[in-house]
1. Sequence gap at least 6, Cα distance under 8 Å: using those rules, report the relative contact order of region 29-107 to the nearest whole percent.
2. Please compute the net charge surrounding Gly278, taking Lys and Arg as +1 and Asp and Glu as -1 over other residues with Cβ under 13 Å from its Cβ.
3. Run the numbers for Arg291 and Ala276: contour at 0.36 nm per residue of separation, minus the present Cα-Cα distance, in nm.
4. For region 236-285 and region 132-169, write down the distance between their C-alpha centroids in whole Å.
5. Report, in degrees rounded to the nearest 10, the 0 to 90 angle that the Cα long axis of helix 309-320 makes with the longest principal axis of the chain.
6. Using the basic label-point model (7 angstrom from Cα toward the beta carbon), what is the Asp35 to Leu177 distance in nanometres?
7. Nearest-5 percent of antiparallel DSSP beta bridges in the chain?
8. Under the rule a/c < 1.5 gives rounded, and otherwise a/b versus b/c splits prolate from oblate, where does region 143-383 land using the Cα gyration tensor?
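Laboratory data are not the source of any read-out in this text; all were calculated from the coordinates shown. Predicted model only: the values in this text are computed from it and were never measured. Every residue, glycine among them, receives a Cβ derived from its backbone with ideal geometry; neighbour counts consider all protein chains shown.
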Amino acid sequence: MTRHYVLIAGCAALLSACATVRSGCESGEIRLSQDFANAPGSACTRTGPASFELTVLPESADINPSPWYAFDIITPRPAEVSVTLDYGDYRHRYRPKFRQADGGWITLPEETLILGDGDHTALLRLDLEPGTARIAAQEVLSPEDRAAWRAAFAEQHGLEREILGASIEGRLIEALLRRSEDPDAPLIVVIGGQHPPEVTGALALRSFLETLFGRDRADEVLSRHEWLIVPDLNPDGIMRGHWRENLGGLDLNRDWGPFTQPETSAVRDAIEARRAAGHTPFLLLDFHSTRRDVLYTPDDAMELSPANFSADWIALLDDSWTGSGAAFERDPGHNPGLPTSKTWFAEIYGAPGLTVEFGDETDRDRIEALATAAATALHRYLRDQD
Ligand SMILES: [Zn+2]
């Protein structure tokens, strides 16, 4: 009796979870499941033997429109399956990606997707082989995948790992370090993963670091600097398939200054510890995604040290860029009212902070080429400093 009561109460408190169970998406011959890290657990309704509807809504109202979806379709036979994504007041943003047998991801062909109702709905028509098909707004990089990448990268390139703190749900905020023997070595900070759906920023960060640290381990330019790298700042948001926030209900890139959240505070403390030890903050790069490849830089009029970093770095980048079109757009600005990492770094340390943005649908080869060019240009810039 008591148990019954608890179950009913639980159902009332968790309407979306109960709707999922009641709707039967997870039972039957052909199933839709969101039972994996990075899947948001959108309310699901079965609309036919091989058709489903997902209500894709954010973790809180009025946040950056980044409708994130991720689900598996499990079918024992070849089947045509349709999934309708209902974005409510939001509009379709991410072209669906499909995980292949080798673990790589491809963008589904244009014709599998029909937008409707002024882009407030998207109908996916999928021709599936027997087995489990994973479909998501972007490549799924779970907290475990990200931790494995960091460990392998640190091992391969001789970086140290340090636990800076933990997220609200207790996931570790891990930094990769390359220490300098010079106690006065300038500090370079590289961060990423503040916003969960911004997977192209995460892919770019990996290519950037692989190019930068893929050199000779004794590389003198790297050794002249103290490096603090925090690739995955919002593991809880990623785990839960959030659009924007951490579990504290905050956009972490609006917490640089207030520092009310454990994830941002951990990075601030790590920077401050190095500063106290004699390392002057020199540069911060913060990797993100948006609708295009763009660098949000400080205003040229700001008196920062090093002076003119953005213009000099971009000139070197453009100089070596052999890909199609321009490399990055540049969008200079400084908004003191907006507590982003870049604004905070410039205001507190008088040093350049840049937001490095990659397009949601930028070709993945171009992302790798751009990130590689950015790393090569940074190395040249640092080499020419003395
Ligand atoms: Zn972002």
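1. That works out to 31 percent.
2. -2
3. Extra length available between Arg291 and Ala276 comes to 1.6 nm.
4. If you average the Cα positions of each part, the centres end up 17 Å apart.
5. The angle comes out at about 80 degrees.
6. Each label point is offset 7 Å from its Cα along the Cβ direction, giving 4.1 nm.
7. The answer is about 60 percent antiparallel.
8. Rounded, because the longest to shortest axis ratio a/c is under 1.5.
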